[in-house]
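The values are calculated or read from the model by the stated rules, or taken from the named source; none is laboratory data. Remember, predicted model here, so these are calculated numbers, not experimental data. Using ideal geometry, Cβ is built from the backbone for each residue, glycine included, and neighbour counts are taken over all protein chains shown.
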Amino acid sequence: MGMKTTTCVREALLYEPEGQKVRCKTCERFCEIAVGTLGFCKTRMNRDGKLYTLEYGDISSLSANPIEKKPFFHFFPGSKALTAGSYGCNFSCPWCQNWDISKSAPSRDLFDQTFPHRVCNYISPERFVRLVKERGCQGTSISFNEPTLLLEYSLDVFALARKQGYYNTFVTNGYMSADALNVLVECGLDAMNVDVKGCKDAVLHYCGADIEKVWRNIREAKHRGVHIEITTLVIPGVNDTADCLRSIASRIRKETGEKTPWHLTQYYPAYRSLELGLYRGRTPVETLERAWRLGKEEGLQYVYLGNVPGHPYENTYCPDCGELIIERYGFTVTSYRLTGAHTCPACGAAILVRS
């Protein structure tokens, strides 16, 4: 996948010294990190009073994915994004679907010259952008684990990709700091799919996070011109009550507009779900359909079901006349009927598509 090297260790961009400790400013945890120790995400280390990322370009996963897999349904539909991830996460979700990498950490031995065999799977930003072209993609996506932890690498990739006419996307829990979001937008972030994992109490209990920080970043990114789509993994017993789902839908409409797409995806047990007594099967389709109706009742124009291939709620319909506009099966666009001006062929209504 890439050459093996130790260049994955770089000084972090956002931190402040506090004596021999440092304050990481990459995400909203703002970890205070003592010399020789790691932050919550285990990807940043204080070495002699300086903060270093241990995973600059350390790529655990690389693939050319349909943009619909992110999921983005209204951003360059039918295109492909070269997608990369690394290791670690700043949330503690017990149901993590990508736990094999998000609950792993880069090697702290990269600092120790007595362990020269401990290396990373390095792909330089220049090589990554070349691969975008070689693999027939139209853009980039940092995903799989939490992309905020690849901040420094993402900034370099995005700047190079934008110069060559590619789009740049994040699939994120939205818990980056305001400073991190600012530099991402400045360096070329075009779109974010943000995972709103539930309401305040559930997110605090299961993820160890303040959902208000996520909503703040959604608002700010939207204000800065970033295309926003929102995903909620619907988990029975965690976030599937009518009140919770309705409140998420209402907030999407009020804070980012009724055109913001909302993806309701089917949960299946993973990582520590069963150990902690969470729902033992896949989310019933009826539960997802009920959530879809709640989203529509709250005024959202584009609501979708995910992980249910072939369901009619995978498709895009004209919000004015109900005409089938974009038909999908899973991550594949099977029919695309929008006009060149992104309008409904039946009634002429404007349809949200960024391309």
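Of 39, 19, 57, 85, which residue is among the small types (Gly, Ala, Ser), at positive phi and modelled with pLDDT of 95 or more?
Values: 39 fails: at positive phi; 19 fails: modelled with pLDDT of 95 or more; 85 fails: at positive phi.
Criteria check complete, one pass: 57.
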Considering only segment 339-353, I want to know if a residue exists there that is assigned to a loop (DSSP other than H, G, I, E, B) and within 29 Å of residue 240 (Cβ to Cβ). yes
Pair list, Cβ under 8 Å, 6 or more apart: segment 169-196 residue more than 28 Å from residue 306 (Cα to Cα), other residue among the polar types (S, T, N, Q) and assigned to a loop (DSSP other than H, G, I, E, B): 177/26; 180/26
Residue 271: passes all of (1) outside any strand (DSSP E or B); (2) more than 18 Å from residue 309 (Cα to Cα); (3) of a type outside the set (Val, Ile, Thr); (4) at pLDDT 95 or above but (4)
Is there a residue in segment 273-280 that is of a type in the set (A, V, I, L, M) and touching a residue at least 40 places away in the same chain (Cβ under 8 Å)? yes
Given the structure, is residue 245 among the aliphatic types (A, V, I, L, M) and in a helix (DSSP H, G or I)? yes
I'd like the full set of residues that are surrounded by fewer than 18 Cβ atoms within 10 Å (Cβ to Cβ), among the small types (Gly, Ala, Ser) and not in a loop (DSSP other than H, G, I, E, B), limited to segment 165-201. 178
Would you say residue 253 is under 18 Å from residue 206 (Cα atoms) and over 19 Å from the mean Cα position of the chain (by Cα)? no
Would you tally the residues in segment 94-107 being within 30 Å of residue 315 (Cα to Cα) and in contact with an Asp or Glu (Cβ under 9 Å, 6 or more places away or on another chain)? 0
Do we find a residue being in contact with a His (Cβ under 9 Å, 6 or more places away or on another chain), crowded, with 17+ Cβ neighbours inside 10 Å, of a type in the set (Gly, Ala, Ser) and on the phi < 0 side of the Ramachandran plot anywhere in segment 334-354? no
For the condition surrounded by 21 or more Cβ atoms within 10 Å (Cβ to Cβ) and in contact with a Gly (Cβ under 7 Å, 6 or more places away or on another chain), what is the one hit in 218, 211? 218
Give the residue that is modelled with the lowest pLDDT, with candidates limited to residues of segment 108-152 that are under 19 Å from the mean Cα position of the chain (by Cα) and in a loop (DSSP other than H, G, I, E, B). 144
For segment 273-295, name all the residues that are charged (D, E, K, R) and either surrounded by 16 or more Cβ atoms within 10 Å (Cβ to Cβ) or closer than 15 Å to residue 240 by Cβ (or both). 280, 282, 286, 289, 290, 293
State the number of residues belonging to segment 22-42 that are buried (at least 19 other Cβ atoms within 10 Å of the Cβ), hydrophobic (A, V, I, L, M, F, W, C), in a loop (DSSP other than H, G, I, E, B) and in contact (Cβ under 8 Å) with a residue 60 or more places away in the chain. 1
